[in-house]
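Chemist: Below is the structure I would like to discuss, written out as structure tokens.
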Amino acid sequence: MTAHTVTAYDQELKALENAIARMGGLAEQQLRLVLSAVTEADPEKAIKVIAGDQVIDAVQREVEEMTVQLIARRQPVAVDLRVVLGALRIASDLERIGDLSKSTAKRLAQFDEKAWLSPMTRSLTAIGDLALLQLKTVLDAYSQRNLDQALLVWNRDEEIDRQYNALFRELLTYMMEDPRTITFSAHLLFCAKNIERIGDHCTNIAEIAAYIITGEPLVESRPRADIPQAEG
């Protein structure tokens, strides 16, 4: 390739990574806003999360178009191919993180004032803060090509599972003690499950980042605590 072509190619790869960074920043902002809504008992912030999800979707479409164009025009190989395909996969995980934040916000928006002020609602913040830390750390690991940080996120996923398990048991006890709280507790349980799944997507991104850096997949089983299944 000529020097001009190489420069243009490098710029296209950089633009792709910038788009991922922008998408990651939006996903982090959405999750942070959800947690802020909980700690401040502010349903208006939850509503902002719902409205903001479409911006993440738009950036994902931009990433998809950029990767198609790069593969078609540049035919990347080796590490460049890993970067391009990795970006496509990471964009998918970030889009799901945005969706899960929106789903959580939708449930929070249905809470009445009593639910917002419940200590049980505030119990979400512990698992949410860890998920937010996972997201920030893995985005830094990806952008800085930091294998140690990626592996840290990969190994720390089990802690989110443990915190989810603790909240799950707490909510079951709460519902058994007062059946009138079942509807509220079910909503809260789905919120917690959404945040636990955000942690899973952070771990996916960590695996992708590690593969981009080393060219080798992580072959060990992901550390996980056994968790009750719920969909929301």
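The values are calculated or read from the model by the stated rules, or taken from the named source; none is laboratory data. Being a predicted model, the structure only gives us computed values, none of them experimental. Cβ placement follows ideal geometry from the backbone for every residue including glycine, while neighbour counts extend to all protein chains displayed. For the accessible areas, the whole protein counts, side chains as well, though only heavy atoms, and no ligand, DNA or RNA atoms are used. Shrake-Rupley method; radii C 1.70, N 1.55, O 1.52, S 1.80 Å.
Chemist: May I ask you to give the solvent-accessible area per residue for the stretch 154-209, in square angstrom, as obtained with a 1.4 angstrom probe?
Modeler: Details: 2260 Å² over 56 residues.
Dividing the accessible area of the stretch 154-209 by its residue count gives 40 Å².
Chemist: Can you compute the helix-only [θ] at 222 nm over the chain? Use -39500 (n - 2.57) per DSSP H run of at least 4 residues, normalise by all residues, nearest 500 deg cm²/dmol.
Modeler: Values: 8 runs with 194 residues, N = 232.
Value at 222 nm, helices only: -29500 deg cm²/dmol.
Chemist: Taking the highest mean first, how do the peptides 64-76, 40-52 order by number of other beta carbon atoms within 10 angstrom per residue? Walk me through the numbers before you get to the answer.
Modeler: Working: 64-76: 14.8, 40-52: 16.4.
The densest-packed peptide leads the list: 40-52, 64-76.
Chemist: With 31 Å as the limit, write out which pairs from Lys14/Lys102; Lys48/Lys193; Lys45/Lys193 have Cα-Cα distances beyond it, or answer none. Display every interim value, and only then the final one.
Modeler: Details: Lys14/Lys102 29 Å; Lys48/Lys193 21 Å; Lys45/Lys193 20 Å.
The answer is none of them.
Chemist: Go ahead and collect, in residue order, the members of the stretch 188-213 whose backbone nitrogen is under 18 Å from a label point 7 Å along the Cα-Cβ direction of Glu40.
Modeler: Zone members listed by number: none at all.
Chemist: Same structure again: Given the chain, report the % of alpha carbon pairs whose separation exceeds 23 Å.
Modeler: Distances greater than 23 Å cover 50 percent of the Cα pairs.
Chemist: Still on this structure, please answer the following. Where does the Debye-calculated log10 I(q)/I(0) of the stretch 139-178 sit at q = 0.21, 0.23, 0.27, 0.34 Å⁻¹, using only Cα point scatterers of equal weight, no solvent?
Modeler: Results for the stretch 139-178 at q = 0.21, 0.23, 0.27, 0.34 Å⁻¹ read -0.66, -0.72, -0.82, -0.97.
Chemist: Report the label-to-label distance for Val6 and Thr125 in nanometres (one decimal), using points 7 Å from each Cα along the Cα→Cβ vector.
Modeler: 5.3 nm
Chemist: A follow-up question, please. Over the Cα atoms of the stretch 60-106, compute the convex hull volume and normalise it per residue, giving Å³. Can you show the working numbers first?
Modeler: Values: hull volume 2.2 nm³, N = 47.
In the stretch 60-106, the Cα hull volume divided by residue count equals 46 Å³.
Chemist: How much FRET efficiency would the formula 1/(1 + (r/R0)^6) give for Thr173 and Leu81, where r is the Cβ-Cβ distance and R0 is 45 Å, rounded to 0.05?
Modeler: On the way: r = 51 Å, r/R0 = 1.13.
Efficiency for this residue pair is about 0.30.
Chemist: Separate question: Taking each pair of different alpha-carbon atoms in the stretch 112-178 once, compute 1/r for the pair, average those values, and report the inverse of that mean as the Kirkwood hydrodynamic radius in Å to one decimal. Write out the running numbers ahead of the final one.
Modeler: Values: mean 1/r = 0.0731 Å⁻¹.
This gives a value of 13.7 Å.
Chemist: Here's something else I'd like to know. Return the carbon/sulfur percentage of the accessible area of the stretch 37-194, one whole number, probe 1.4 Å, all protein chains in place.
Modeler: Working: 4120 of 7550 Å².
C and S fraction of accessible area: 55 percent.
Chemist: Let me ask something else about it. Sorted by average packing, counted as other Cβ atoms within 10 angstrom per residue and highest first, what order do 113-124, 155-166 take? Let's see the in-between values first.
Modeler: Values: 113-124: 15.2, 155-166: 18.8.
Packing order, densest peptide first, comes out as 155-166, 113-124.
Chemist: To continue, here is another question. Going highest first, how would you order 209-216, 187-194 by mean Cβ packing within 10 Å?
Modeler: Answer by packing, highest mean first, reads 187-194, 209-216.
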